[in-house]
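The next block holds one structure in the form of C-alpha cells; read it before the comments.
Every read-out reported here was derived from the displayed coordinates using simple, explicitly stated rules and does not represent laboratory data. A quick note: this is a predicted structure, and the numbers were derived from the prediction, not measured. Here Cβ is always computed from backbone atoms with ideal geometry, including for glycine, and neighbour counts include all displayed protein chains.
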Amino acid sequence: MPKTCIIGAGVTGLSTAWQLKKSGEDIVVIESHKEVGGAVQSIYDTGYLVEEGPNSIQLKSRQMEVFLNSIPGLREQIIDAQSDAKNRFIVRNKRPYPVPRGPLELLSTPLWSKLGCLRVLAELFKVKRSDKNEESVADFSRRRLGHEFYDYAINPLIGGIYAGNPEALSIRYAFPRLYALENEHGGLIRGSIAKLISTPKGSANKYSKRIISFKDGLSTLPKLIAKALGDSIYLGSKINSIESIKNKWSIKWDNQSELFDRIIVTVPAHALSKLPFKNNLKNKFSQFCGIDHPPLSVLTLGFKREHINHPLDGFGLLVPESEKRTILGVLFPSSIFKGRAPKGEVLLTVFIGGERNPEYATANTEKALATAIPEINSLLGVIGPPTFVHLKHWEKAIPQYKIGYGRYLKALNLIEENYPGIHILGNYRNGISLDDCLSSSMYFGTKISQ
Ligand SMILES: Cc1cc2nc3c(=O)[nH]c(=O)nc-3n(C[C@H](O)[C@H](O)[C@H](O)COP(=O)(O)OP(=O)(O)OC[C@H]3O[C@@H](n4cnc5c(N)ncnc54)[C@H](O)[C@@H]3O)c2cc1C
C-alpha cells in the first residue's frame, strides 16, 4: 500500500483522507491549527449555535449522501433545512422582496418588471456567443438575461456566494456549469430543458438537491472524520521541510520525519507559498498568492423574536450592489435549521465586506455593529437590542475565480505533471462550495486508490 501524507485538515483534506482510509490506504494528516475544519467552524455559546464560516451544504448527488453516510456517526446527525428556508429575499428600493417561486408569483412580483421577466424568457432565442475572449459573470448575465435580472438577481447572488465582484469573476471558471449550458446547448433555458429531458422524473439519476447541516453544526463533519482517522492525524503541527527524494517525499514535522509515496496538499491557495519545500517548488507555488481572497466579516446576532418585525420566513436576504448598502446580505440561521437559538429568540448572520466593500470588513465588533445594525433596522424592522453578538473576521475568505484564472489551473496541472507524487486539492481548484470540495476529494480519492 502506498503511504500518503495529506497537508491541511479542512473539509478537502479530511474528506480525501477518509476516502483513502476507507480503501485501506496508509495515511497521515498534518494540520497547523489545533482544531480541524479550516473554514468550517461551529461555536456553541449560551444556547446559540454560530457558524463562523459556511452555514450549510447543498447536496447535489446521491453519491455524496452515500459518502457522508459512510462517516461513522454522521448519518444520525444530518438535518435538512426547514421548509420556510425555500424563500429567498432580494432587496429592491430599500425593501426585501421574496424571489418568485412559480409562474403566478412571477406575474405579480415587485422585484422584477414584466419587461425584465420577458427579457429573461427571450434568452431562449439568444444565439450562442461566437467571441472566444473570456467573459465576466456580469457580461455573460447581462447578455443572456438582460440588465434588470443581472442587477436584481445575479449581482446579489454573487455577493452571497463568492463575496465577489461579478464584473471581475470569469463565467468559465466561477460558474463552469452555466458556461457549459451555453457552449454545449446554445443557451441556459435550452440547456436546462435538455438536462431535464435526459434525466426524466423517477429515473435513477434524478436527485432532488438537499440543503443540510448537522444537529450540532457543520463542524460535526470534520470532527467525526477526524475521530474516524484516529491517531493518523497531527494537529497544531509545524512542517519544517518537504523534499522530493528519488520517487519519495520526505516530510519533517514537529519532531518527526517520514518518507511518503504521495503528498496531497490541501492548504488554502494563499498559504501554498509558505510551505517549506526544499526544491524549486517553493518558487512555483509563489504565483498562487495572485489569487485574490477578499476580507469578509461574519457578524452573528441574537434577538428576541418580538424585536424583529420581519417574519424571517426564509433562508435570508441578499443585497444588490445598486442598492448602495454597506452589507452583502443577512442569513436567517434559526429559520433555516432547528436548534440555532434559545426558545423565543432568533439568530441573524450579517455578511460585511467582500470585493464590494472590503473597507467595511473588520475584526472590531463595535465597528461591525455600527455597520450592520442600521442596515438590519431598516431592512428587517429591528425594535430591540441584540441579546447575543459574535464576530468572525476572515482576512482572506474565498478565492476569486477571476478572468484569466485558467493560468492558475494550468500551473497546478504542470506542477503535478513535473513532480510525480504531489497532488493539489482545495477550493481554488474545482469550485468553492463544500459540495465541490467534497466531490473533488471523493472523486480524487477513488481515482488514486484504484
Ligand atoms: C465565511 C464563509 C462562508 C462560506 N459559506 C459557505 C456555505 O454556506 N456553503 C458552502 O458550501 N461553502 C461555503 N463557504 C466555502 C467553503 O467553506 C470553503 O470553500 C471550504 O470550507 C474550503 O475547504 P478547504 O478544506 O479546501 O480549505 P480550508 O477550510 O481553508 O482548509 C485548509 C486547511 O489547511 C490548513 N493549513 C494551512 N496552512 C497549513 C500548513 N502550513 N500546514 C498544515 N496545515 C495548514 C488550515 O489551517 C486549514 O485547516 C464559505 C466560506 C467562508 C470563508
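How big is the gap, in Å, between the Cα center of the range 326-377 and the Cα center of the range 111-145?
Measuring centre to centre over Cα atoms gives 32 Å.
Most mobile of Gln77, Gln400, Gln256 per a Gaussian network model of the chain (Cα springs, under 10 Å)?
Highest fluctuation of the listed residues: Gln256.
In a Gaussian network model over the chain where Cα atoms closer than 10 Å are linked, find which of Leu115, Leu317, Leu14 has the largest mean-square fluctuation.
Result for the chain, Cα springs under 10 Å: Leu115 fluctuates most.
Can you check what the Kirkwood hydrodynamic radius comes to for the range 72-117, Cα pairs only, in Å to one decimal?
13.0
To the nearest 20 debye, what charge dipole does the range 267-353 have about its Cα centre, counting +1 at the Cβ of each Lys and Arg and -1 at the Cβ of each Asp and Glu?
480
Per Stokes-Einstein, at 4 °C and 1.567 mPa s, what whole-number D in µm² s⁻¹ belongs to the range 291-450, with the Kirkwood radius over Cα pairs as the hydrodynamic radius?
72
So what does the Cα-only Debye profile of the range 1-101 read at q = 0.12, 0.13, 0.18, 0.22 Å⁻¹, as log10 I(q)/I(0), no solvent term?
At q = 0.12, 0.13, 0.18, 0.22 Å⁻¹ the computed log10 ratios are -0.61, -0.69, -1.08, -1.32.
Counting other Cβ atoms within 10 Å of each Cβ, which trypsin sites (Lys or Arg not before Pro) in the range 223-254 have at most 12 and sit in a DSSP loop?
Lys238, Lys246
Counting other Cβ atoms within 10 Å, keep those with at most 11, restrict to DSSP loop, and tell me which trypsin sites (Lys or Arg not before Pro) in the range 63-100 are left.
Answer in residue order: Lys94.
So if I place +1 on the C-beta of Lys and Arg and -1 on the C-beta of Asp and Glu, and nothing else carries charge, what would the dipole magnitude of the range 95-174 be about its Cα centre? I want it in debye, nearest 20. Display every interim value, and only then the final one.
Working: 12 positive and 9 negative charges, 50 e Å.
Using only the charged Cβ atoms, the result is roughly 240 debye.
At q = 0.14, 0.17, 0.22 Å⁻¹, what is the log10 ratio I(q)/I(0) for the range 86-214, with the Debye formula run over Cα points and no solvent?
Each listed q maps to, in turn, -0.75, -1.10, -1.47.
Cross-link list Lys223/Lys278; Lys128/Lys195; Lys3/Lys410: which exceed 20 angstrom alpha carbon to alpha carbon? Before the final figure, lay out each step's value.
Working: Lys223/Lys278 32 Å; Lys128/Lys195 18 Å; Lys3/Lys410 27 Å.
Cα-Cα > 20 Å for Lys223/Lys278; Lys3/Lys410; rest within.
Could you state the per residue volume, in Å³, of the convex hull enclosing the Cα atoms of the chain?
About 156 Å³ per residue, rounded to a whole number.
Using only the Cα atoms of the range 251-348, what are the Rg and Dmax in Å?
Calculated on Cα positions, Rg and Dmax stand at 22.3, 62 Å.
Give the Cα extents of the range 193-236 along the principal axes, in whole Å, largest first.
50, 23, 17
At 0.890 mPa s and 25 °C, plugging the Kirkwood radius over alpha-carbon pairs of the range 43-137 into Stokes-Einstein gives what diffusion coefficient in µm²/s?
Numbers: Rh = 18.4 Å.
Value of D from the Cα-based Kirkwood radius: 133 µm²/s.
What's the Kirkwood radius of the range 131-193 in Å, using all Cα pairs?
Roughly 11.7 Å, rounded to one decimal.
Using only the alpha carbons of the range 5-58, what is the convex hull's orientation-averaged projected area in square nanometres?
4.8
For the range 43-97, rounded, prolate or oblate, judged on the Cα gyration tensor with a ≥ b ≥ c (square roots of eigenvalues), a/c < 1.5 rounded, else prolate if a/b > b/c?
Oblate shape, in that a/c is at least 1.5 and b/c is the bigger or equal ratio.
Given the -39500 (n - 2.57) contribution per DSSP H run of 4+ residues, what per-residue ellipticity at 222 nm results for the chain, rounded to the nearest 500 deg cm²/dmol?
One gets -9000 deg cm²/dmol as the mean residue ellipticity at 222 nm.
Under a 5 Å amide H to amide H cut-off, with H placed in plane at 1.01 Å, what residues pair with Arg92 once short-range neighbours are removed?
Tyr97
In nm, give the distance between the simple-model label positions of Ile197 and Ser70, each being 7 Å from the Cα along the Cα-to-Cβ direction.
Using points 7 Å along Cα→Cβ, the separation is 3.6 nm.
Can you pull the three principal axis extents for the Cα set of the range 314-353, in Å, largest first?
36, 15, 14
Quick one: the Cα spread of the range 356-442 along its three principal axes, in angstroms, biggest first?
Ordered largest first, the range 356-442 gives principal extents of 60, 27, 22 Å.
Please state, as a whole number in µm²/s, the translational diffusion coefficient that the Stokes-Einstein equation yields for the range 155-245 at 10 °C and 1.306 mPa s, with Rh defined as the Kirkwood radius across alpha carbon pairs.
Estimated diffusion coefficient is 87 µm²/s.
For the range 326-391, divide the Cα radius of gyration by the Kirkwood radius and give the resulting Rg/Rh value with two decimals. Could you put the intermediate results ahead of the total?
Values: Rg = 12.3 Å, Rh = 12.7 Å.
With Rg and the Kirkwood Rh in hand, the quotient comes to 0.96.
Please build a GNM for the chain, connecting alpha carbons under 10 Å apart, and tell me which residue among Ala85, Ala361, Ala180 fluctuates the most.
Ala180
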